[in-house]
Amino acid sequence: MKIHLLAVGARMPDWVEKGYAEYAGRLPRECALHLLEIPAGKRGSHGDLARIVRAEGERLLAAVPTGSRLIALDERGQEWNTVELAEQLSGWLQEGRDVSLLIGGPDGLDAACRERAERRWSLSRLTLPHPLVRVIVAEQIYRAWSLLHNHPYHRA
C-alpha cells in the first residue's frame with residue numbers, strides 16, 4: 001500500500017521539506033508516503049479566489065491514482081486521536097488499497113474534493129497553515145505506524 005499525499009503548493013520553506021522528509025523517510029516500504037505537489041493558482045489583489053480554489057481542486061482530483069481511497073484533510077472533518085488513526089491505518093494496510101490524502105492550498109480545499117472524498121479528516125479544530133499540515137500528517141502517519149508495530153517512538 002502507498003499513501004499519496006497530494007498537496008497544493010510548491011517551493012516550501014526548507015524547514016517544511018526537512019520535517020516532511022524526516023518522518024516520511026522513517027516509514028517502511030509497505031506503508032510508503034509519497035508527496036505530490038500540485039501547483040497553486042496565482043493569487044493577486046483582483047483574482048477570482050473561488051475560480052482559483054476550484055482549479056486547484058480539479059488538479060488535485062486529476063492527480064488521484066485510480067482506485068485509491070480518497071481522504072480530504074478538512075478542518076470540518078472528523079478528528080482522530082492517535083489510537084484511532086492507528087486503527088484507520090491498520091484497516092488501510094489490511095485492505096491493501098492505496099490511500100490519497102488531499103491538502104488544499106492557502107484558501108482551503110475545493111468543495112468538489114470534500115464531496116468526492118470517502119472520509120474527511122481534521123487534524124485539529126484550529127486552522128493550520130497548509131505547509132505545516134504536510135509535516136503533521138507525515139509525523140502522525142509515522143506515529144500511528146509505530147504504535148501498530150510496538151515501536152518505542154509512540155510512548156503515550
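Only residues that are among the charged types (D, E, K, R), within 27 Å of residue 135 (Cα to Cα) and assigned to a helix (DSSP H, G or I): list them for the stretch 35-55, please.
Hit for the stretch 35-55 is 54, nothing else.
Tally up the residues in the stretch 17-42 that are more than 30 Å from residue 95 (Cβ to Cβ) and modelled with pLDDT of 95 or more, please. Show your work before the answer.
As a first pass, look at the stretch 17-42 and keep what is more than 30 Å from residue 95 (Cβ to Cβ): 17-18, 39-42.
Among the residues that remain, those that are also modelled with pLDDT of 95 or more are: 17-18.
Of the residues in the stretch 17-42, 2 are more than 30 Å from residue 95 (Cβ to Cβ) and modelled with pLDDT of 95 or more.
Say whether the condition of being among the basic types (Lys, Arg), over 17 Å from residue 81 (Cα atoms) and open to solvent by 40 Å² or more (accessible area, probe 1.4 Å) is met by at least one residue in the stretch 133-147.
We begin by selecting, within the stretch 133-147, every residue among the basic types (Lys, Arg); these are 134, 143.
Checking the rest, the ones that are also over 17 Å from residue 81 (Cα atoms) come to 134.
With open to solvent by 40 Å² or more (accessible area, probe 1.4 Å) added as a condition, the list becomes none.
No, the conditions are met nowhere in the stretch 133-147.
What tally of residues in the stretch 99-151 results from selecting those that are among the hydroxyl-bearing types (Ser, Thr, Tyr), modelled with pLDDT of 95 or more and under 24 Å from residue 10 (Cβ atoms)? Steps first, answer last, please.
Within the stretch 99-151, the subset among the hydroxyl-bearing types (Ser, Thr, Tyr) is 100, 122, 124, 127, 142, 146.
Retained after the next criterion (residues that are modelled with pLDDT of 95 or more): 100, 122, 142, 146.
Right, trim to under 24 Å from residue 10 (Cβ atoms) and you get 100, 142.
Of the residues in the stretch 99-151, 2 are among the hydroxyl-bearing types (Ser, Thr, Tyr), modelled with pLDDT of 95 or more and under 24 Å from residue 10 (Cβ atoms).
Return the total of residues in the stretch 83-107 being buried (at least 17 other Cβ atoms within 10 Å of the Cβ), among the hydroxyl-bearing types (Ser, Thr, Tyr) and without any contact (Cβ under 8 Å) to a residue 60 or more places away in the chain.
0
Residue by residue through the stretch 1-34, note down the ones that are buried (at least 17 other Cβ atoms within 10 Å of the Cβ) and assigned to a helix (DSSP H, G or I).
Correct list: 16, 19, 20, 23, 24, 31.
Every residue in the stretch 74-104 that is assigned to a strand (DSSP E or B) and in contact with a helix residue (DSSP H, G or I) (Cβ under 6 Å, 6 or more places away or on another chain), please. Write out each step before concluding.
The initial filter retains those residues of the stretch 74-104 that are assigned to a strand (DSSP E or B), namely 74-79, 99-103.
Passing the criteria: 74, 99, 102, 103.
What are the residues in the stretch 65-82 that are farther than 17 Å from residue 31 by Cα and either touching a residue at least 40 places away in the same chain (Cβ under 8 Å) or touching a Phe, Trp or Tyr at 6+ places or on another chain (Cβ under 8 Å) (or both), if any?
Matches in the stretch 65-82: 72, 73, 74, 75, 76, 77, 78, 79, 80.
Identify, please: which residue in the stretch 110-127 is touching a helix residue (DSSP H, G or I) at 6+ places or on another chain (Cβ under 7 Å) and in a loop (DSSP other than H, G, I, E, B) and is, among those, most open to solvent (accessible area, probe 1.4 Å)? Talk me through it step by step, then tell me what you get.
Just the residues of the stretch 110-127 that are touching a helix residue (DSSP H, G or I) at 6+ places or on another chain (Cβ under 7 Å), to begin with: 110, 112-113, 116, 120, 123.
After this cut, where a residue has to be in a loop (DSSP other than H, G, I, E, B) as well, the list is 110, 123.
On the way: 110: 26, 123: 50 Å².
That would be 123.
Given the conditions (1) modelled with pLDDT of 95 or more; (2) open to solvent by 80 Å² or more (accessible area, probe 1.4 Å), which single one is not true for residue 65?
(2)
The values are calculated or read from the model by the stated rules, or taken from the named source; none is laboratory data. Note that the structure is predicted; figures quoted are calculated from it, not measured. A quick note on method: Cβ atoms are made from the backbone with ideal geometry, for glycine too, and the neighbour counts reach across all protein chains shown. Remember, those area values only see protein heavy atoms, side chains included, never the ligands or the DNA or RNA. Shrake-Rupley method; radii C 1.70, N 1.55, O 1.52, S 1.80 Å.
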